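Undergrad: Before I ask anything, here is the structure I am working with.
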Amino acid sequence: MAISRRAFLIGGAALAVPIGGLAWLDLKFNPHTSMHYPFPASTGNTLPPTPECLDHDHHETARVTEGPFYKPDTPQRSMLRDAATAGVPLTLRGRVFSTDCRPLAGAVIDVWSCDGNGVYDNEGYRLRGHQYTDATGAFEFETVKPIDYRNFGIHRTPHIHVKMQGRDTRLLTTQLFFPNEPLNEHDWFFRKDLLVNLERPTPGSYLASFAFVLG
Ligand code: FE
């Protein structure tokens with residue numbers, strides 16, 4: 001029946017679902033979970049605009065869907081892997097700026113990803129954690145380089161999920177991607193402007209860096 005069924009887009013696949021199921025599907029496949037971490041007492045955003053930011057465009061970082069695997073209330077920490085975690089160690093390093101290019105101190109950043117086998121830890125908090133940017137707007141996580149995985153019939157290119165927010169900014173939910181991944185051009189959610197700068201400081205490790213802009 002035309003009135004009671006609508007096409008619903010999930011990762012490029014159009015499904016016909018009853019209207020009553022749309023709210024459930026949107027919640028399941030496209031949630032917008034808020035974060036409830038307290039901001040530090042002083043975020044001291046007194047640094048001047050930085051040339052590093054002004055050299056690039058300073059539009060807000062693009063948003064990408066949260067996906068189905070976010071967990072709130074993650075541990076506050078920078079080390080997200082342990083000795084048993086599958087995958088090549090990866091340092092994710094970055095800075096957070098306002099739209100006027102000032103480093104955002106005390107912004108909260110929450111990250112999660114699958115491991116080197118394409119598996120999310122949905123029971124515990126492996127490869128999940130949050131922290132606050134320092135006085136220069138910088139942060140650093142120790143994680144592993146995620147690989148591609150399949151979920152709900154969608155083959156995702158490797159990515160790291162991020163949620164972040166400054167005291168005076170909107171919540172940003174997005175994903176970071178990696179250069180030279182064959183699946184990038186086939187991934188519904190991939191965006192070139194969310195590619196990290198990827199280095200390989202040793203044969204057994206990666207260093208990924210990215211500058212975020214929050215508005
Ligand atoms: Fe994912």
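The values are calculated or read from the model by the stated rules, or taken from the named source; none is laboratory data. Everything numeric in this text was worked out from a predicted model, so none of it was measured. Ideal geometry is used to build each Cβ from the backbone, glycine not excepted, and the neighbour counts take in all protein chains shown. Surface accessibility is based on the protein's heavy atoms, side chains included, excluding ligands, DNA and RNA. Shrake-Rupley method; radii C 1.70, N 1.55, O 1.52, S 1.80 Å.
Undergrad: Please give the contour-minus-distance gain from Ala83 to Leu183: 0.36 nm per residue of separation, less the Cα-Cα distance, rounded to one decimal in nm.
TA: 33.2 nm
Undergrad: With each pseudo-label sitting 7 Å past Cα toward Cβ, what's the Asn117-His36 distance in nm, one decimal?
TA: About 3.3 nm, to one decimal.
Undergrad: A follow-up question, please. Thinking of the stretch 116-178 as a set of Cα atoms, what percent of all their pairs are more than 12 Å apart? Mind showing how you got there, number by number?
TA: Working: 1499 of 1953 pairs.
Tail of P(r) above 12 Å: 77 percent of Cα pairs.
Undergrad: Quick one: length gained pulling Glu142 to Asp73 fully straight, 0.36 nm per residue minus the C-alpha distance? Mind dumping the intermediate values first?
TA: Numbers: separation 69, 0.36 × 69 = 24.84 nm, distance 1.85 nm.
Extra length available between Glu142 and Asp73 comes to 23.0 nm.
Undergrad: Can you tell me the accessible area per residue over the stretch 31-214, all protein chains present, probe 1.4 angstrom, in square angstrom? Don't skip to the end; give the middle numbers.
TA: Details: 8840 Å² over 184 residues.
On a per-residue basis, the stretch 31-214 sits at 48 Å².
Undergrad: Round to a whole number: what % of the accessible area of the stretch 31-214 belongs to carbon and sulfur, probe 1.4 Å?
TA: Working: 4560 of 8840 Å².
That share works out to 52 percent.
Undergrad: Kindly write out, for the stretch 183-196 in residue order, the coupling ³J(HN,Hα) from the Karplus curve 6.51 cos²θ - 1.76 cosθ + 1.60 (θ = phi - 60°), rounded to whole Hz, with x marking Gly and Pro.
TA: Coupling constants for the stretch 183-196: 7, 3, 6, 9, 8, 4, 9, 4, 9, 4, 6, 10, 6, 6 Hz.
Undergrad: Taking amide H atoms as placed 1.01 Å from N in the peptide plane, list the residues 5 or more away in sequence, or in a different chain, whose amide H sits under 5 Å from that of Tyr206.
TA: Leu90, Thr91
Undergrad: Here's another thing I want to ask about it. Could the peptides 188-195, 205-212, 109-116 be put in order, highest first, of the mean number of other beta-carbon atoms found within 10 Å of their residues? Each step should come with its number before you reach the end.
TA: On the way: 188-195: 15.4, 205-212: 18.6, 109-116: 23.0.
Put in order of decreasing packing, that is 109-116, 205-212, 188-195.
Undergrad: log10 I(q)/I(0), Debye, Cα-only the stretch 31-214, no solvent, q = 0.10, 0.11, 0.19 Å⁻¹?
TA: Treating every Cα as an identical point scatterer, log10 I(q)/I(0) equals -0.37, -0.45, -1.39.
Undergrad: Which value, in Å to one decimal place, does the Kirkwood hydrodynamic radius take for the stretch 63-169 when every pair of different Cα atoms is included?
TA: Details: mean 1/r = 0.0693 Å⁻¹.
Every distinct Cα pair counted, the radius reaches 14.4 Å.
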